[in-house]
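One structure is given below, encoded as structure tokens.
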Amino acid sequence: MDEKKEFRTMSGVPVGSVYGDGPLPGEFPYTRGIHSGMYRDRLWTMRMFAGFGTAEDTNVRFKDLLRAGGTGLSTAFDMPTLMGRDSDDEWSIGEVGRAGVAIDTLDDMVDLFADINLGQVSTSMTINGPAAILLAMYVAVAEKDGVERSKLNGTLQNDILKEYQAQKEYIFPPRPSVRLVSDVVSFTASEMPRWNPISISGYHIREAGSTAAQELAFTLANGFAYVEAAQAAGLNVDDFAPRLSFFFNSHSDFFEEIGKFRAARRIWAKWLRDRYGAKDEKSHKLRFHTQTAGVSLTAQQPEINIARVAIQALAGVIGGTQSLHTDSYDEALALPTEDAARIALRTQQIVAHETGITSVADPLGGSDYVEWMTDEMERQAEEIFKHLEELGDGSILEGVYVGIENGWFVGEIADAAYRFEREVNSGDRLIVGVNSFTEGGDENIDLLSIDPGTEDTQLKRLSEIKQSRDSDSVETALNRLSLEASDPGINLMPAIIEAVKVRATEGEIVQALESVFGTYVEKAFV
Amino acid sequence: MNKKENSPIRVVLAKLGLDGHDRGLKVVARMLRDAGMEVVYLGLRQTTEMIVTAVEQEDADAVGISMHNAGHLTLAPRMVQALEDAGLDVPVVVGGIVPDSDLEAMAEAGVAGVLGPGASAEDVAKCVREAVATRGE
């Protein structure tokens, strides 16, 4: 950092790095931000989510994004990959490479990151049920490229609890799934110090229909649950808590969102210090990624989504996010085109370089309204924590399990979603282009279409790999994995890495685990 | 049809395939109930066979399937075909993200109606009623 650099407004007025009284940004409980200088010292990471078709297709998009000034990669996997199924599984037909990239074996992962230096880039992988397998593949690709594990930088979503609550991409029942999460946490704590092993995500909870306070509370409660699980597995809180990161939604109610982000930091800091005994400051600091609200994007007059995204991005930045994905305007209709993704990235760059927002940390701190909203978000969240503690006899982890098993989370979210729809339906809530100001913008925009040949290409590739690999080593690796899965005392990461290296498929590894863990089936519940 | 004329429309709702986005389908379930229909909610990860069985057992008048991951061109025609193969004259309504350019293909495949993002409670109920009214045609 150049200490002499002066920050001035567009008109030349010099501005300080922060205004108001303490606790200041960088000071406990970090309501105002986790760093004293915030974006003066370092901009947020502009991390654009991408993935479609085959690994080669997505690799091209990754390289485009890096050339366009993106500073981190974020991988979207297709539905079969997210669900731990191979492309040749009967459930996968019609979904291979459609909503993300198809990954079956290590060879696909090698293609996905071809010509990208894994020692220099930071990579986020949005995957949960089979997260440990994809992390194992990433580690194996790096090893092939000669990059040490300890140099790898990135984030694995690996947040299984919110899958049962909102996104529904679970495979195994909650308890063995949380064991897998803990295995990843302790593996990365000892071998991958720069890796974020869980991105505790409110994004999907909000997209499924929750309120801002529910998003905040469910997400932090899940965070507490992972802390309790890792402590129960014998880890010291300060050995893993600094690497836990969060992922929030930024929706359209500007001040509510900012209050939510500020409250999140304050709650986490207090709970980690006071309840979980964390002594390291880094354990107290809640770092988060933000994505603008996909659910707010309208299919009607899609171009106006650009304005929505800009406002939501602004809320995320004023709220102090560490990284940001801006949605593309065409995402209510299809996966984004390259052009739409470029506009979304440019939107962030305008916020970063033209608005002056980056000069001053927590610019809204001290506003009576924003401080009140922050307190109110915290109050509502604390009420929910109390309920979960009661459900779990004093344990948040147990409370979360109970809330999943008895449908409490999904019921709360469905109620909130229905309330919102009724407001829109009755006209109490105006959505521009949907129930008001509906004229214009009828012409069709160009949409991304996925090459229908993707599925065939991927199937052919998978079948070739299955024929060329050494099937004895695959069998040995999978047997070892099942055996170790039945002993909760063994960390499963080494066995999974071994299995991906001999080219066991994702689906085979999942089946080996399923044979021990079982499968989760949600009770149908409206 | 040997049901009483005045009996409420009964709709089977399900997510077909792997996609787990069920916000829309749950909202639709409540909208249809509010409109006086009976909803048989099957939930996530249903196959066409499971849906056909439910339609037979529940004597349903319509099937609503929801998809958000661009699987509609493959999965929706299969649903229509599966009902036809089982000798059931039950219309299929698709909800989710279906680009306008795919609407023709959906109609050709025999899908009775498509509900996109932003459909109101009235749109949803009307679409199902109209689909059911075409039975026997």
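The values are calculated or read from the model by the stated rules, or taken from the named source; none is laboratory data. Small disclaimer: the values here were computed from a predicted structure and weren't measured. Cβ atoms come from the backbone with ideal geometry, glycine included; neighbour counts cover every protein chain shown. These area figures cover heavy atoms from the full protein model, side chains too; ligands, DNA and RNA do not enter into them. Shrake-Rupley method; radii C 1.70, N 1.55, O 1.52, S 1.80 Å.
For the reader, a short list of remarks on this structure follows.
- Picking from residues in region A:452-461 that are surrounded by fewer than 17 Cβ atoms within 10 Å (Cβ to Cβ) and in a helix (DSSP H, G or I), the one that is modelled with the highest pLDDT is A:LYS460.
- Of residues in region A:89-110 being under 24 Å from A:LEU180 (Cβ atoms) and within 14 Å of another protein chain (Cβ to nearest Cβ), the one surrounded by the most Cβ atoms within 10 Å (Cβ to Cβ): A:ALA102
- Cβ-Cβ distances below 7 Å connect the following pairs, each with a first residue in region B:43-62 that is without any contact (Cβ under 8 Å) to a residue 40 or more places away in the chain, a second residue that is among the acidic types (Asp, Glu), and a separation of six or more residues or different chains: B:GLY43/A:GLU522; B:LEU44/A:GLU522; B:LEU44/B:ASP22.
- Filtered by the rule that a residue be part of a helix (DSSP H, G or I) and more than 12 Å from chain A (Cβ to nearest Cβ), region B:75-104 gives B:VAL80, B:GLN81, B:ALA82, B:LEU83, B:GLU84, B:ASP85, B:GLU104.
- Complete set of residues in region B:1-28 that are in a helix (DSSP H, G or I) and either away from every other protein chain (no Cβ under 12 Å) or on the phi > 0 side of the Ramachandran plot (or both): none
- Of the residues A:ALA344, A:ALA334, the single one that is open to solvent by less than 20 Å² (accessible area, probe 1.4 Å) and in contact (Cβ under 8 Å) with a residue 24 or more places away in the chain is A:ALA344.
- Residue match in region B:45-64 (condition: of a type in the set (A, V, I, L, M, F, W, C), at pLDDT below 95 and surrounded by 23 or more Cβ atoms within 10 Å (Cβ to Cβ)): no
- Filtered residues of region A:428-444 (kept if more than 10 Å from chain B (Cβ to nearest Cβ), under 33 Å from the mean Cα position of the chain (by Cα) and more than 11 Å from A:THR298 (Cβ to Cβ)): A:ASP428, A:ARG429, A:LEU430, A:SER436
- Among residues of region A:94-110, those that are assigned to a loop (DSSP other than H, G, I, E, B), at pLDDT 95 or above and more than 18 Å from A:VAL510 (Cα to Cα), counted: 0
- Within region A:145-154, if we keep just the residues that are touching a Lys or Arg at 6+ places or on another chain (Cβ under 9 Å) and open to solvent by 10 Å² or more (accessible area, probe 1.4 Å), the residue that is farthest from A:MET46 (Cα to Cα) turns out to be A:SER150.
- Qualifying position, being within 14 Å of B:ALA125 (Cα to Cα), open to solvent by 50 Å² or more (accessible area, probe 1.4 Å) and either of a type outside the set (A, V, I, L, M) or touching a residue at least 24 places away in the same chain (Cβ under 8 Å) (or both), among B:ARG78, B:ARG10: B:ARG10
- Hits in region A:366-391 - residues which are of a type in the set (S, T, N, Q) and either open to solvent by 40 Å² or more (accessible area, probe 1.4 Å) or more than 20 Å from A:GLY223 (Cα to Cα) (or both): A:SER367, A:GLN380
- Test: residue in region A:405-413 that is surrounded by fewer than 21 Cβ atoms within 10 Å (Cβ to Cβ) and either among the aliphatic types (A, V, I, L, M) or outside the structural domain of A:TYR276 (by TED's automatic domain parsing) (or both): no
- Flag for A:SER186 being among the small types (Gly, Ala, Ser) and in contact with a Leu (Cβ under 7 Å, 6 or more places away or on another chain): yes
- Any hit, region A:7-24, residues being loosely packed, with under 15 Cβ neighbours inside 10 Å, hydroxyl-bearing (Ser, Thr, Tyr), farther than 30 Å from A:ASP327 by Cα and in contact (Cβ under 8 Å) with a residue 24 or more places away in the chain: yes
- Selected residue (only one of A:GLY51, A:GLY22, A:GLY69 is over 22 Å from the mean Cα position of the chain (by Cα) and of a type outside the set (Phe, Trp, Tyr)): A:GLY22
- Considering region A:347-365, and only residues there that are over 26 Å from A:ALA50 (Cβ atoms) and not aliphatic (A, V, I, L, M), the residue that is surrounded by the fewest Cβ atoms within 10 Å (Cβ to Cβ) turns out to be A:GLY356.
- Output for region A:60-78, where each listed residue is open to solvent by 10 Å² or more (accessible area, probe 1.4 Å) and in a helix (DSSP H, G or I): A:VAL60, A:ARG61, A:LYS63, A:ASP64, A:LEU65, A:LEU66, A:ARG67
- Checked across region B:29-37, the condition of being more than 9 Å from every other protein chain (Cβ to nearest Cβ), touching a helix residue (DSSP H, G or I) at 6+ places or on another chain (Cβ under 9 Å), within 26 Å of B:GLY71 (Cβ to Cβ) and not hydrophobic (A, V, I, L, M, F, W, C) holds for no residue.
- Residue match in region A:81-93 (condition: assigned to a helix (DSSP H, G or I), within 19 Å of the chain's Cα centre (by Cα), of a type in the set (A, V, I, L, M) and closer than 22 Å to A:ASN196 by Cα): yes
- Only one of A:GLU522, A:GLU506 that is in contact with a Ser or Thr (Cβ under 8 Å, 6 or more places away or on another chain), within 14 Å of chain B (Cβ to nearest Cβ) and not small (Gly, Ala, Ser): A:GLU506
- If you go through region A:247-263 and pick out every residue that is in a helix (DSSP H, G or I), open to solvent by less than 10 Å² (accessible area, probe 1.4 Å) and within 21 Å of A:GLN348 (Cβ to Cβ), you end up with 5.
- Of everything listed in (1) within 14 Å of another protein chain (Cβ to nearest Cβ); (2) open to solvent by 20 Å² or more (accessible area, probe 1.4 Å); (3) over 27 Å from A:THR519 (Cα atoms), the single unmet condition for B:GLU108 is (1).
- Restricting attention to region A:196-243, the residues being of a type in the set (Asp, Glu), open to solvent by 10 Å² or more (accessible area, probe 1.4 Å) and over 20 Å from A:LYS279 (Cβ atoms) number 1.
- Per the listing A:GLY277, A:GLY316, the residue uniquely of a type outside the set (A, V, I, L, M), out of contact with any Cys (no Cβ under 7 Å at 6 or more places or on another chain) and either without any contact (Cβ under 8 Å) to a residue 24 or more places away in the chain or surrounded by fewer than 21 Cβ atoms within 10 Å (Cβ to Cβ) (or both) is A:GLY277.
- Restricting attention to region A:111-134 and to residues that are part of a helix (DSSP H, G or I) and either β-branched (Val, Ile, Thr) or assigned by TED's automatic domain parsing to the domain that holds A:ARG61 (or both), the residue that is surrounded by the most Cβ atoms within 10 Å (Cβ to Cβ) turns out to be A:ILE133.
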